[in-house]
Amino acid sequence: MGYKLAGFDVIGCNEIDPRMNRVYVENHHPKFNYLCDIRQLVEKAKAHELPEELYNLDILDGSPPCSTFSISGSREDAWGKEKKFREGQVAQVLDTLFFDFIDLANELRPKVVIGENVKGILIGNAIDYVRRIIEEFDKAGYTCQTFLLDAQYMGVPQRRERAFFICMRKDIAEPFMEQIDFFTRLPKLTMEFNEEPIPFKEIEDAKGRKINPGTKTYTLWQNIEDGDTSLADAHRRLFGKEAFFNSMLFDPEKVAPTIVADTHSCQILKSHPCYVSRGEHLQCSTFPMDYQAESDKEIGYMVGMSVPPIMMAQVASQVYEQWLSKM
């Protein structure tokens, strides 16, 4: 969606989750659609069994599943272990999927490769993966720059930090030699965004599912105070215990917190006893209001797993203006 907003012609996709693939196809009607493990797509590329249009693309973009690098949960304990990302799929080692993505780039040889991941990949021991990613891109013939960007400064009404790996094929980089930064040896790409943050009240509709009176959630909501960011703050005051820390509060005067796809998380309005609505989810993530999905739950999962389209459009536009338009 973001690439379309930036004026690109998106011709194909690869997805392993059947539900999300159905949503993507229903909304975008890609010319080429591959519902499969990316490793199967790499094998097809190696055998040159893919359409010629998919080779030498302007941009190959990928967001390898990245839950093992999240700053919440077990992190290191999950590294190197096979896991089914969603139901009905083959098991994969999630923290190596980025290297499968690089293998695909190595076969398709796009001019530019953009990879996205969670902020956690840049924190602590995970930084070793960043070094490996940059090294593997180098071996594949790409120079690589990394950026940590926050969607709230890019026209998105949501606090959402994401790491981006933006790479140019080395043979194409040669004409840029006089512009190359001495230290990075890269065509200098800048990603600076200073949009005015958009508070949640600009998109709030309070049409979400109501919180049932008499429930513990409702009691906690009744006892929230200024400065609370989740129901855990009220729970701590009332019961002296840690709980409900995933029940995030959406303050009308502040930018919405990061929307997560975790079904155990609850996103609740601070000003009304209800959960975040379908429309609020879509607007927080800058998807069109008529974006098609079967259920509110499916929308919530989708926006929690996605790079907001406006965020991606900002990145893609800069790549075009600073790089592709000069090739």
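Using the alpha-carbon atoms, what tilt in degrees (0 to 90, nearest 10) does helix 296-305 show relative to the longest principal axis of the chain?
50 degrees
Helix-only mean residue ellipticity at 222 nm, the chain, DSSP H runs n ≥ 4 weighted -39,500 (n - 2.57), per residue, nearest 500. What is it? Don't jump to the answer; show the numbers that get you there.
On the way: 11 runs with 100 residues, N = 327.
About -8500 deg cm²/dmol.
How much length is gained on full extension from residue 146 to residue 31, taking 0.36 nm per residue of separation minus their Cα-Cα distance? Intermediate results must be reported in sequence, preceding the final value.
Working: separation 115, 0.36 × 115 = 41.40 nm, distance 3.04 nm.
Working it through step by step, the gained length comes to 38.4 nm.
How much of the accessible area of the chain, in percent, comes from carbon and sulfur atoms when a 1.4 Å probe is used?
That fraction is 49 percent.
Roughly how many whole Å is it from the C-alpha centroid of the stretch 268-327 to that of the stretch 186-247?
Centre-to-centre distance over Cα atoms comes out at 18 Å.
Tilt of helix 18-28 relative to the longest C-alpha principal axis of the chain, in degrees (0 to 90, nearest 10)?
On a 0 to 90 degree scale, this one is about 80.
Which order do the peptides 52-63, 24-35, 268-279, 299-310 come out in when sorted by mean C-beta neighbours inside 10 angstrom, highest first?
Going by the mean number of other Cβ atoms within 10 Å, highest first, we get 299-310, 268-279, 52-63, 24-35.
With P(r) over Cα pairs in 20 Å bins from 0, in percent in mind, check (1) 29, 57, 14, 0; (2) 25, 42, 26, 6, 2, 0; (3) 28, 43, 21, 7, 0 and report the label derived from this structure.
The value computed from this structure is option (1).
Based on the alpha-carbon gyration tensor of the stretch 197-252 and its eigenvalue square roots a ≥ b ≥ c, which shape applies: rounded if a/c is under 1.5, prolate if not and a/b is larger than b/c, or oblate? Numbers along the way, then the final one.
Details: a/c = 2.57, a/b = 1.47, b/c = 1.75.
The shape class here is oblate.
In the neighborhood of residue 103, defined by Cβ-to-Cβ distances under 9 Å, what is the net charge if each Lys or Arg adds +1 and each Asp or Glu adds -1? It would help to have the intermediate numbers written out before the result.
Details: positive: 39, 46; negative: 100, 107, 136.
Local net charge: -1.
Work out, step by step, the length gained on full extension between residue 325 and residue 190: first 0.36 nm times the residue separation, then minus their alpha carbon distance; give nm to one decimal. Present the calculation step by step, with values, prior to reporting the outcome.
Values: separation 135, 0.36 × 135 = 48.60 nm, distance 1.50 nm.
Fully extending the segment from residue 325 to residue 190 adds 47.1 nm.
Counting only residues 5 or more places away or on other chains, whose amide H sits under 5 Å from the amide H of residue 274 once H atoms are built in the peptide plane?
Answer set, sorted by chain and number: 211, 269.
Could you do me a favour and compute the accessible area per residue for the chain, 1.4 Å probe, result in Å²? Don't jump to the answer; show the numbers that get you there.
Details: 16130 Å² over 327 residues.
I get 49 Å² per residue for the chain.
At 0.36 nm per residue, minus the direct Cα-Cα distance, what do residue 246 and residue 289 gain on full extension? Give it in nm, one decimal, please.
12.9 nm
The values are calculated or read from the model by the stated rules, or taken from the named source; none is laboratory data. It should be emphasised that the depicted structure is a prediction, and the values quoted were computed from it without experimental measurement. A quick note on method: Cβ atoms are made from the backbone with ideal geometry, for glycine too, and the neighbour counts reach across all protein chains shown. The accessibility values were calculated without ligands, DNA or RNA, using every heavy atom of the protein model including side chains. Shrake-Rupley method; radii C 1.70, N 1.55, O 1.52, S 1.80 Å.
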